Amino acid sequence: MAIGRVSGEMLEPTLERDGVDLAITGSIVSSGSSTDNNLLYFDATNNRVGIKTSLLPVTFTGTIAGTALTVTIPPLGGTKLIKVGMTLTGSGMVSGTKILSGTGTSWVVDQSQTISTATAITGTLSPNFDIAVTGLTNINNLTNTTTPDDGAFVVSGGAGVGKDLRVGGDIYTQGKKVATLDLITGPPSRRKDFSFTIPSLTTGSTYLYTAELGYAGLVYSLTVTVPVKVEVFGSAAAQTTAIAPNPYEPNPYTFIATRLSLTDSGTIYFSDGTTMKTRQYSMFANLEDPTTKNIYFKITGINEIHGGWAGSDLSVTASFTGTLSGTTLTVTSALVTGRALGVGMTLTGAGVISGTKITAGSGLSWTVDKTYSSPLTGVALTGTFLTNTLSLRYVDMAGDGGNNDVSTVSVLPAGYTGQFVFLTTSNTLYVYFGGQWRPI
């Protein structure tokens, strides 16, 4: 029977016999000699288990001369129980002395000292763990983690790592992502472009859009194709509130685009032609708890007010006289009223092929996407942007922004009392505030 292989007395209920705990060993044969190693050690006395280590405090007698430790009386079980890395204590011992190398009765310690008379020395592998493993440990389960309580390896308390830590995925703390590959590889990989299409809006109506930009971003360029009012919020509650001023964000990012200023450069244009330079960059950050990667846009339509007057700074269309021949559009009069010509405009006018768009060009010479085999000369033309696109460039501060647009539906909150600015034909500037129009 297998029990016959255990020499000596039978095991006690605690796996202890004659004061010695149970050790399962394996033999390593080298140069004709055999060395036993603890593959599994059941330490019933100290309520611990050692894998490839006994993890027991070891007591022996020895002397030290300089950094040479000589064992005079080996511990019970032999000198194989003495391990490199043990912290030694004993009468006259320098505090913190550790074994650096050695075998058998000859070892090297890290503290030079003299203990000439053989004294009792205790060697401890510190700190003492309930389970200790010497050697490599590989957990083959591939289960990922979504909370601190699941995954292939779960630790209920804290974890100490004595050397480098390499992670193949993202790092979270308290449910929030704090490190990604983009964050580690540096700022160039975090510079991103983002855009979405704004639908046609009547005056005062709004379009709500949720963009997955990341927890925080430094925006250095925001551009729209057609004049609108752009507001940016850090929470969905602030985006949808109908109360003015907004109780969640009383001073949100706000940009009112004009024909002269479709890109927010921090410049304010005055009616007398003067300008004032202010902020150049803006910080967009999610303010929700728990934090999400979302940034919330509210776009307010102002086209009807401004677009109805050709001379308005916020005119949507460009009116001019031009000639179409082949795929070339030539502006025959330098006067372009309304807004400036631009790539992406759709042209209308007598004889113009439906859907003709400007694809390239500048100044007085442009290229269109339709071919005019019979030229149109000196025709009154109108160029209109049928699609309004908001584009921004930003530095993703946490390197965690998504690549996919996440849009919501266009909705006008009940009882909307938002505010926006418009310019009348008499060059009087008004602001809608507190439920009524007020001249400035």
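For the reader, a short list of remarks on this structure follows.
- Using 0.36 nm per residue and subtracting the Cα-Cα separation, the extra length available between Thr274 and Ser156 on full extension is 36.1 nm.
- Whether segment 317-384 is rounded, prolate or oblate, judged on the alpha carbon gyration tensor where a/c under 1.5 counts as rounded: rounded
- Between Asp149 and Lys370, residue separation times 0.36 nm minus the direct Cα-Cα distance comes to 73.3 nm.
- If a spin label sat at a point 7 angstrom from the Cα of Thr117 along the line to its beta carbon, the backbone N atoms of segment 72-92 nearer than 20 Å would be those of 72-74, 89-92.
- Share, in percent, of DSSP beta bridges within segment 317-384 that are antiparallel, nearest 5: 100 percent
- In order through segment 199-213: 3J(HN,Hα) via Karplus (6.51 cos²θ - 1.76 cosθ + 1.60), integer Hz, x for Gly, Pro: x, 4, 10, 7, 4, x, 7, 10, 10, 9, 9, 10, 10, 8, 9
Values quoted throughout were computed directly from the atomic coordinates according to the rules given, and no laboratory measurement underlies them. Worth saying up front: this structure is predicted, and the values here are computed from it rather than measured. Here Cβ is always computed from backbone atoms with ideal geometry, including for glycine, and neighbour counts include all displayed protein chains.
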